[in-house]
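Structure first, commentary second.
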Amino acid sequence: MPEKGRFAPSPSGRMHLGNAFSFLLAWLDARASGAGLVLRMEDLDPDRTRPAWSELLVEDLRWLGLDWDEGYAVGGPHGPYCQRERTALYEAAFRRLQAQGDVYPCWCSRHQRLAASAPHPGETRDLGRCPCRDLSRAERERLALVRAPAWKAAVPHETVSFSDLLQGPQSFDLSRDCGDFVVRRADGVFGYQLAVTVDDALMGVTRVVRGRDLLDSAARQLWLMERLGWAAPVYAHVPLLLAGDGRRLAKRDRDLDFGALRARKRPQEVLGVLAALAGLREEPGPVTAAELAAGFSWGRVAREDRTLSPEALERLFPEKDEKSGGPC
Ligand code: GLU
């Protein structure tokens, strides 16, 4: 099978520096290893995503010089490339999991689910079993008359191990570290873990490069792949970009998004700062994506989260820009 990487943005806002940092590393990994690249829009959540953001993502990626061979805006043999248009594929996978007894209906409220999935730091509580997993058939039938259930994966007490290209050897106890997770919401919308697993497998993705916050999702997705009989990709979970005060960059940081950046900077200047943050260059001077691909290897990429220093911010958003106000 040919090697293939992917960009998998959620079009829930304008791309920001943190997204661009992950996309640059995904692009470099693919181009340096001779892999293809696919772009798919993770727009499953109708409340948070908008087609207009997808269009801007495409423009911003192209502006940076990060191209893709297949997917949204270019087409290809594994479409459609928007998750909203792929629900029949998720449905088929879901039915297989149902037939295998790998999922069960859950009537917990969202509040109960959140409480069950967020242990306090340092707490080693077993996240595994939701009480709904042990309901009798009669109880399920009674509850089904009241309202539609969500569906959760019935994860076993099993360890999933893999070697991350950047973070090294990883091991997760599915039940303790991940717990039973939602594969389909009560309103019928499929969950992130199932959709990503189906898409990566059916789009032929062999290399997944994404933020370090999704490291334990790899364990859930590897388990789903195994249950569905699909080959596993390799993973590289890259550092997150943090704002100066230690916060993770988010789409609500409007001042660091590509609308603001593109008004002030050339793509080579932005790439230079990102490459220096990644540890690929000592100095944050201008550089093209192709120049970076020439010497790329994971051994040169920093593992730890990166903080946007005042110097990096000053380089991208010099204060004198704001003050001079232009030639008129
Ligand atoms: N769509 C997810 C995001 O934008 C990324 C999912 C993934 O890479 O697996 O955060």
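Okay, here's what the table says:
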quantity	calculated
The listed residue being touching a residue at least 60 places away in the same chain (Cβ under 8 Å), more than 16 Å from the ligand (Cβ to nearest atom) and not in a helix (DSSP H, G or I), out of Val155, Val205	Val155
Qualifying position, being away from the ligand (no atom under 16 Å from the Cβ), in contact with a strand residue (DSSP E or B) (Cβ under 6 Å, 6 or more places away or on another chain), among the hydrophobic types (A, V, I, L, M, F, W, C) and more than 26 Å from Ala263 (Cβ to Cβ), among Cys106, Cys82	Cys106
Candidate set from the stretch 20-51 (those that are without any contact (Cβ under 8 Å) to a residue 40 or more places away in the chain and open to solvent by 10 Å² or more (accessible area, probe 1.4 Å)); member that is farthest from the ligand (Cβ to nearest atom)	Gly34
Of all residues making up the stretch 165-176, the number that are without any contact (Cβ under 8 Å) to a residue 60 or more places away in the chain, open to solvent by 20 Å² or more (accessible area, probe 1.4 Å) and not polar (S, T, N, Q)	4
Residue satisfying condition, being at pLDDT 95 or above and in a helix (DSSP H, G or I), within set Arg220, Arg262	Arg220
Verdict on Phe94 being touching a residue at least 40 places away in the same chain (Cβ under 8 Å), more than 15 Å from the ligand (Cβ to nearest atom), out of contact with any helix residue (DSSP H, G or I) (no Cβ under 6 Å at 6 or more places or on another chain) and open to solvent by less than 50 Å² (accessible area, probe 1.4 Å)	yes
Number of the exception - Arg6 against (1) open to solvent by less than 20 Å² (accessible area, probe 1.4 Å); (2) more than 14 Å from the ligand (Cβ to nearest atom); (3) not in a helix (DSSP H, G or I)	(2)
Qualifying residue in the stretch 37-58 (condition: among the small types (Gly, Ala, Ser) and assigned to a loop (DSSP other than H, G, I, E, B))	no
Residue selected from the stretch 177-202 under the condition acidic (Asp, Glu) and more than 15 Å from the ligand (Cβ to nearest atom), by the criterion surrounded by the fewest Cβ atoms within 10 Å (Cβ to Cβ)	Asp187
Some residue of the stretch 208-218 being away from the ligand (no atom under 11 Å from the Cβ) and open to solvent by less than 20 Å² (accessible area, probe 1.4 Å)	no
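Here's the yes/no breakdown for (1) within 17 Å of Arg210 (Cα to Cα); (2) in a helix (DSSP H, G or I):
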| site | (1), (2) |
| --- | --- |
| Glu269 | no, yes |
| Gly272 | no, yes |
| Leu277 | yes, yes |
| Arg281 | no, no |
| Gly285 | no, no |
| Leu292 | no, yes |
| Phe296 | yes, no |
| Gly299 | yes, yes |
| Arg303 | yes, no |
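The values are calculated or read from the model by the stated rules, or taken from the named source; none is laboratory data. If you're wondering where the values come from, they're calculated on a predicted model, not measured in any experiment. Every residue, glycine among them, receives a Cβ derived from its backbone with ideal geometry; neighbour counts consider all protein chains shown. Accessible surface is based on the protein model in full, side chains and every heavy atom, while ligands, DNA and RNA are left aside. Shrake-Rupley method; radii C 1.70, N 1.55, O 1.52, S 1.80 Å.
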